[in-house]
């Protein structure tokens, strides 16, 4: 596991705000969320598996622009041992997480009959099991503090399902149920758990679509456009700073599409 620390000071500063941990932070929604929290003065823990050099470059820019400390980890979120190693490093520095954004995810378009067991397991472990691995690690400190926010990035396909995306839809449906159940479990400890069911967001994940497909989707969306990662980031921040009575919700952000 590769790790880099960026600080506006030569030594580790005293942190006056809660640490925010964002998975899948090198691209799209995760990157936009990192920018939003940094602009609001929050210290960040960012992780990704691929594009680690890009993540570190972006973290350096955020540190210089907003004078916030950032830690970057190259982590396979689908591997519980890798996740455990990340938190072992945080404990060495006596750092805890008060806001967790489970954003990391992968897409897969294929008929179910053409989906291999390996592909199925990879999608479920990356999109669903990772939320379990990270939540399990942060919950003890949150319970101790009687404060915490867990925000899961889901999809409208987790609610209505999508042909040729059964594995992806199943993983996001699992995230929705995970969110609702965990919110009930952690409510007495003043920890809020919510999810955002995204529609078509203009991220790299959707750049694989042909122009014809993009045009057709745009016609189907009442708002007549794809969503922006920055719009999702704004909603993530709103949930992270919202009052304690908002929990157990799967909030759809899709321009009125579904």
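A few comments on the model shown:
- Principal-axis tilt of helix 28-39 within the chain, Cα atoms, nearest 10 degrees: 30
- Projected onto planes of every orientation and averaged, the convex hull of the alpha-carbon atoms in segment 147-258 covers 7.1 nm².
- For segment 3-253, the relative contact order comes to 19 percent (Cα pairs under 8 Å, sequence separation of at least 6).
- Note on the chain: GNM, Cα springs under 10 Å; of 152, 190, 102, the largest mean-square fluctuation is that of 190.
- Hydrodynamic estimate: the Kirkwood radius of the chain over Cα pairs, inserted into Stokes-Einstein at 25 °C and 0.890 mPa s, corresponds to D of 132 µm²/s.
- A full extension of the chain between residue 53 and residue 242 corresponds to an added length of 64.8 nm, given 0.36 nm per residue minus the alpha carbon distance.
- For the chain, the longest principal axis of the Cα atoms and the long axis of helix 166-186 meet at an angle of about 40 degrees.
- Cβ-derived FRET efficiency at R0 30 Å, residue 249 paired with residue 4, nearest 0.05: 0.30
- Net length gained if the chain between residue 119 and residue 190 were fully extended (0.36 nm per residue, minus Cα distance): 21.9 nm
- Percent of Cα-Cα distances greater than 20 Å, calculated over segment 22-104: 26
- Maximal additional length on extending the residue 215-residue 164 stretch stands at 16.4 nm, based on 0.36 nm per residue less the C-alpha distance.
- Cα gyration tensor shape for segment 119-173, rounded if a/c is under 1.5, else prolate or oblate: oblate
We did not get these values from a lab; they are worked out from the coordinates using the rules stated. Here the structure is a predicted model, which means the values were calculated and not measured. Note: ideal-geometry Cβ built from the backbone for every residue, glycine included; neighbour counts use all protein chains shown.
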